[in-house]
1. Please state which one of Arg173, Arg153 is modelled with pLDDT under 90, closer than 30 Å to Met67 by Cβ and basic (Lys, Arg).
2. All but one of (1) open to solvent by 50 Å² or more (accessible area, probe 1.4 Å); (2) of a type in the set (Gly, Ala, Ser); (3) more than 30 Å from Cys189 (Cα to Cα) hold for Ala119, so report the exception by its number.
3. Could you list, in sequence order, the residues of segment 32-57 that are open to solvent by 50 Å² or more (accessible area, probe 1.4 Å) and in a helix (DSSP H, G or I)?
4. So which residues in segment 176-189 are at pLDDT 85 or above and in a helix (DSSP H, G or I), if there are any at all?
5. For residues that are under 15 Å from Arg221 (Cα atoms) and open to solvent by 50 Å² or more (accessible area, probe 1.4 Å), tally how many sit in segment 184-203.
6. Anything in segment 137-155 that is over 20 Å from Lys186 (Cβ atoms) and in a helix (DSSP H, G or I)? List them, or say none.
7. Looking at Val101, is it on the phi < 0 side of the Ramachandran plot and surrounded by 17 or more Cβ atoms within 10 Å (Cβ to Cβ)?
8. I'm trying to understand the selection: among the residues of segment 90-124, which are touching a His at 6+ places or on another chain (Cβ under 6 Å) and not in a helix (DSSP H, G or I)?
Amino acid sequence: MPRDLQERIKKLIIDQRLPSGAVLPTEPELMERLGASRNSVREALKALQAMGIVEIRHGFGTYVGPMSVAPMIEGLTFRTVAGHYRGEDSLLQLLELREAVEAGLIARLAGSLPPADLAELDALVDRMDAEAAGPDGAVRAETDRAFHATLYRCLGNPLLGEVLEAFWDAFHRVRTDLVDIPQDPKVTCRQHREILDAVRSSDVLRAERAIREHFGNIRTRLSAPASTALPHPSYDR
């Protein structure tokens, strides 16, 4: 019954073309419309809230949720951590999933990035160089994230952007919690500049090689003996 109610509430949202933030019928109205008990309706709404489909605001009502990929991030993160502690190569699996998506898209970018995005990417690579030469001697994760987000932005696919962000966020949250990956910031800077130069020059094969070399380097570092598991991974970042 709860699963059936979930599907019927989702159908209601679709049939009425309700956008995120739109108010849903009250519990009594849903009970009457769905022919279900209060407890069954509440259970169904709580399950939908966990998926980001609805948002329950106590004292105010129930609304259509943001329908983001946040639950997917949490699921990827938990699955990867749990697999790691079972002795599985789950972090490598997550990296390969992200590589498959980006490598499959990079050819579409060759020669098609708008000048404003190219300028922003140039600035981000320059920032990487500055960070690598700084006192910490490391490229900040935020700069790396901004580079990849900007790289695919011109494709104009908001869902794709969310999925790429989900893969990036899940991988880096888990990586930070589980392993200490040795890195050479100069190599990181060189590889990102090579990706940018290949895309700018409309060289599809070079762009594909560059993105695969970048992920191959991460895979090699991830497999290095220096990688060590941390005892208490945190999920609240």
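1. Working: Arg153 fails: modelled with pLDDT under 90.
Result: Arg173 is the single residue among Arg173, Arg153 that is modelled with pLDDT under 90, closer than 30 Å to Met67 by Cβ and basic (Lys, Arg).
2. It fails just one condition, (3).
3. Quick first cut of segment 32-57, residues open to solvent by 50 Å² or more (accessible area, probe 1.4 Å) only: 32-33, 35, 37-39, 42-43, 46, 49-51, 55, 57.
Within segment 32-57, Glu32, Arg33, Arg38, Asn39, Arg42, Glu43, Lys46, Gln49, Ala50 meet the criteria.
4. Passing the criteria: Pro185, Lys186, Val187, Thr188, Cys189.
5. Within segment 184-203, the first condition is being under 15 Å from Arg221 (Cα atoms), and the residues that meet it are 184-188, 191.
So of that shortlist, the ones also open to solvent by 50 Å² or more (accessible area, probe 1.4 Å) come out as 184, 186.
Final tally of qualifying residues: 2.
6. Restricting attention to segment 137-155, the residues satisfying the condition of being over 20 Å from Lys186 (Cβ atoms) are 149-155.
Passing the criteria: Ala149, Thr150, Leu151, Arg153, Cys154, Leu155.
7. In short, no.
8. Within segment 90-124, no residue meets the criteria.
The values are calculated or read from the model by the stated rules, or taken from the named source; none is laboratory data. Given the structure is predicted, the values throughout are model-derived calculations rather than measurements. FYI the Cβ positions are ideal-geometry reconstructions off the backbone, even for glycines, and counts take in every protein chain you see. Each accessible area value is taken on the protein alone, full model and side chains, heavy atoms only, with ligands, DNA and RNA left out. Shrake-Rupley method; radii C 1.70, N 1.55, O 1.52, S 1.80 Å.
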